[in-house]
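Step one of this worksheet: look at the structure below.
Nothing in this text is a laboratory measurement; each read-out follows from the coordinates by a stated rule. All of these numbers come straight from a predicted model, not from anything done at the bench. Note: ideal-geometry Cβ built from the backbone for every residue, glycine included; neighbour counts use all protein chains shown.
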Amino acid sequence: MYTPLDKSSYLKGLLILARKSKCLVDGEKSIIRDVAKRFSFSNDFYEESIKNLLDNKYILDNPIKFSTKNIAIDFLSEGLKLGFSDNVLDDAEINWLKLICFENGIEIEWFNKKLSQYVKSEE
């Protein structure tokens, strides 16, 4: 069960991840919109967040701690999907997702295996 804080952190995390590539593509926007709708955020809120994302200095890049490991795993899986939506997962994105693993007690081996599955599916 996602708490309100988990929902907020999840969306914030995807926004941070999307900003890491310094460019926001349609695939990333689509994933962010889908998550925001799933968590019942207002349309105005998430559209404004997307619009101002690259210039928003108030969204800090601190790694996010979720209330459960399962939520963190869901986030990491969706984060990889978002990261690959522009066909390039760069080092800044990978390193930030690894910080999420560390913050939530998730084995790096799990992350590396999941990452390699995405890389293989993109080839």
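The magnitude of the dipole of the range 1-81, with charges of +1 and -1 set on the Cβ of Lys/Arg and Asp/Glu and taken from the Cα centre, is near 180 debye. Taking all Cα pairs closer than 8 Å and separated by 6 or more residues, the relative contact order of the chain comes to 32 percent. Modelled this way, with points 7 Å down the Cα-to-C-beta line, the labels at Arg38 and Glu107 are 2.5 nm from one another. When the Cα positions of Cys23, Tyr10, Ser85 are compared along the charge dipole of the range 4-122, Tyr10 comes out farthest toward the positive end, with charges on each C-beta of Lys, Arg, Asp and Glu. Highest average first, the peptides 24-32, 87-95 ordered by how many other beta carbon atoms sit within 10 Å of their residues are 24-32, 87-95. Sorted ascending by nearby beta carbons within 10 Å, beginning with the fewest, Trp110, Trp96 become Trp110, Trp96. In the chain, taking the dipole from charged Cβ atoms about the Cα centre, the farthest positive-side position among Ile32, Phe102, Phe66 is held by Phe66. From its DSSP helices (H runs of at least four residues, each -39,500 (n - 2.57)), the chain gives a residue-normalised ellipticity at 222 nm of -21500 deg cm²/dmol.
Taking a ≥ b ≥ c as the square roots of the Cα gyration tensor eigenvalues, with a/c under 1.5 meaning rounded and otherwise prolate when a/b beats b/c, else oblate, which class fits the range 84-123? Write down the numbers at each step before the final one.
Working: a/c = 3.23, a/b = 1.52, b/c = 2.12.
Taking the square roots of the gyration eigenvalues as a ≥ b ≥ c, the range 84-123 is oblate.
Using the average count of surrounding beta-carbon atoms within 10 Å as a protection proxy, the listed peptides 97-105, 54-62, 8-16 rank, highest first, as 8-16, 97-105, 54-62.
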